[in-house]
Amino acid sequence: MKTRNVDKSKYKNYLIKAEEFFDIMNESFNKQEYNAVVLNAIHCAISSADALTVFYKGLRRKARRCNFFVKYLRHKGYPEQK
């Protein structure tokens with residue numbers, strides 16, 4: 001998995017993106033625009049994962065494949081969900 005170094009303070013940029021996708025996802029749901037709901041949920045998850053990896057490790061994925069996040073979070077010492 002290829003990553004690149006990112007200043008940890010930049011996590012906020014990814015968190016802002018995630019929040020914007022989340023807001024649009026909810027608006028789309030209220031309008032019963034379910035394709036937009038799914039796409040914005042996916043983008044929200046990707047941006048959230050970027051925010052986490054930048055905040056904790058100062059890294060961001062180079063790959064476009066989303067399974068990167070699952071493998072990365074499992075193998076890099078993030079706390080498990082309880």
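No lab work stands behind these numbers, since they all come straight from the coordinates. The model shown is predicted, which means the values in this text are computed figures rather than measured ones. Neighbour counts run over all protein chains shown; Cβ positions are idealised from the backbone, glycine included.
Within straight-line reach of K12, meaning a Cα separation under 18 Å, sit the following aspartates and glutamates at least 8 residues removed in sequence or on another chain: E20, D23, D50. Let me check I've understood the local charge: for K2, count other residues with C-beta under 9 angstrom from its C-beta, Lys and Arg +1, Asp and Glu -1. What total comes out? Result for the local shell: +3.
What does the highest-first list of 9-21, 43-55, 26-38 look like by mean Cβ count within 10 Å?
Working: 9-21: 15.8, 43-55: 19.2, 26-38: 12.5.
Those peptides, ordered most packed to least, come out 43-55, 9-21, 26-38.
Here the simple spin-label model places points 7 Å from the Cα toward Cβ, and for D23 and K2 these points are separated by 3.4 nm.
What does the charge count near N13 come to, summing +1 for each Lys or Arg and -1 for each Asp or Glu among other residues with Cβ under 13 Å from its Cβ? Could you put the intermediate results ahead of the total?
Working: positive: K8, K10, K12, K17, R60; negative: D7, E19, E20, D50.
Surrounding charge for N13 is +1.
Close amide H partners of L59, meaning residues 5 or more places away or on another chain with modelled amide H under 5 Å apart, are V6, V54. Modelled this way, with points 7 Å down the Cα-to-C-beta line, the labels at K57 and V38 are 2.9 nm from one another.
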